[in-house]
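Report on the following structure.
No value in this document is a laboratory result; all are computed from the given coordinates. Bear in mind the structure is a predicted one, so any value in this text is a computation, not a measurement. For neighbour counting, all protein chains shown are included, and Cβ atoms are generated from backbone atoms with ideal geometry for every residue, glycine included.
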Amino acid sequence: MSGFPAYDEIHVISDIHMGGKRGFQILRETKRLTNFIRRVTVQRQEGRVALVLNGDIFDTLAEDIRGYVAVDEAIDTVTRIMDDKSFSGIWEALSDFVKKKGRTLVIVIGNHDIEVSFPPVQRLIQSRLAGEDLRARARIEFSTTGAGYTCLVGNARIFCTHGNEVDAWNYNRYEDLAKVARRLNAGRTLDPNEWYPNAGTRMVKEVMNEVKQRYAWIDLLKPETSAAVGTLVVLDPSQLTKISNLVSILGEHQRGAGQVGERLSAEGFQPRRQTGAPTVTIDQLLGPNVKAGMLGVESLNTLNVDEMLLSVEKNFDQRSAPLAPQPDETLGIPRLIWDRLTGWLTGVGKDEALRRALKDWLAGDKTFDITDKDDTYKQVVASVGHSMDFIITGHTHLERAIDMGGSCYYFNCGTWIRLLRFTEAMLKDTVSFKPVYEILTDGGMASIDTAQFGGESFVMNQTSAVSVILEKGKVIGRLTHVEGDGTGTPRVIRQFPEDL
């Protein structure tokens, strides 16, 4: 006996990101998601079915909270999200799901909803979904310690984890989350200054949330590191104040790289140098065109971003007159960066500068290649090993379906939020890019949602799910797209084994 729960089928979705005020919510297909949950609820009536919410179900980082983690406000924050009319239907469907015999709901922690690890929040979710129905409460499971969730379908072993465990930007310090839980259970609180966030959380709270007030779509861009930061710099050079913040944020990223180790590995922690995780370089963050515009220094190709910015700061005369009336600034903006970037933008125009930058970032890009063995794949597989028949992650928002060999398979179940995709036709020349640029500078989510170029929607209409199902004695894994209103059979994108 394995000790792991066994099902006839499981369905895994990730990165729903319920949260934020209307106009800034990045989850759009709420009716589709509600109907998908209802469809999973009623199928295989006599079988055992699990629905796994594989991390970042809430997005508390999009909420108005003190500091970087909701502690005293955790109950109010999660309640507000569940009561929001945009999301309440989803919770009604989940409630019906757990009240049906043979169903199990599994909630896995991500990096945008770490409050799910707190006992009061778990009790709130149980109460919201199951009330006082003890049988329904027993059908709700939480995986919030970083160990992932393992189960069986037929004779196949499935391992689900969000994927941020191997991300030096966004890993969770589960030992610290346990300390907060102990505080809450003891009736004590946590001073905001006591919580030291990871680099990704700092990036969202200190940089992106403010930017989203002007450019609501900024965190929909992929690749998110280079495209989001570089696009921001080109569209609004006044946001260069954010670059100063990035010095310390990227420093935290490097410290995180030393701590993340192999958090999924059963063998324990290992030095970061043994995991092969890449560092962030100038080209990755900004791209050659923006980098050249900012620095004009080819010899800095090999430096990582924080080293580059610090080197400019070191050579900048802090005693010179300020660039702009910003007396409360502590780090200052390097005049060299400002002068060169604004001069470059003046020379080519913002629209052309952004077009060139996007072409840099997307050259040879495999962001939307479902077979690409990206860093999350490499590190999760290296940590978990080939003892699992199916490994399922999320976190990157990018779906993947990869045959690992030896009858082992890897899926990333993508996301349910909006994604923006720039095509070669959009970036062909200044004329073709002009309407795209106008939509971006408008800044609003409503304009993004309705924009079409070349007959195609700017927003990818792609909501993904992974299913592992026992059919006629065989276990089949599928990456699917849930389409339309969510009531129909999801469209299969890739199936493993393929020869069935």
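Give me the compactness ratio for the range 48-153, meaning the Cα radius of gyration over 2.2 N^0.38 Å.
Rounded to two decimals, the normalised Rg is 1.05.
What list of ³J(HN,Hα) couplings, whole Hz, do you get for the range 421-436 from phi and the Karplus terms 6.51, -1.76, 1.60, once you set θ to phi - 60° and write x for glycine and proline?
9, 8, 9, 4, 5, 4, 9, 4, 7, 4, 5, 5, 7, 4, x, 5
Using all alpha carbons of the range 342-411, what is the percent of pairwise distances in each 5 Å bin, ordered from the shortest bin to the longest?
3, 14, 21, 15, 10, 7, 8, 8, 6, 4, 2, 0
Using the Kirkwood radius over C-alpha pairs as Rh, can you work out the diffusion coefficient of the range 133-231 via Stokes-Einstein at 37 °C, viscosity 0.692 mPa s, in µm² per second?
192 µm²/s
Sorting 112, 397, 481 on the 10 Å Cβ count, fewest up front, what's the list?
481, 397, 112
Note down the Stokes-Einstein diffusion coefficient of the range 1-106 in µm²/s, whole number, using a Kirkwood radius over alpha carbon pairs, 10 °C, and 1.306 mPa s.
It comes out at roughly 106 µm²/s.
Taking amide H positions as placed in the peptide plane 1.01 Å from N, state which residues far from residue 157 in sequence (5 or more) or on other chains have amide H under 5 Å from it.
For residue 157, the qualifying residues are 389, 390.
In the structure shown, do any of 21/179; 179/205; 205/373; 350/428 have a Cα-Cα gap over 25 Å, and if so which?
Result: 21/179; 205/373 exceed 25 Å.
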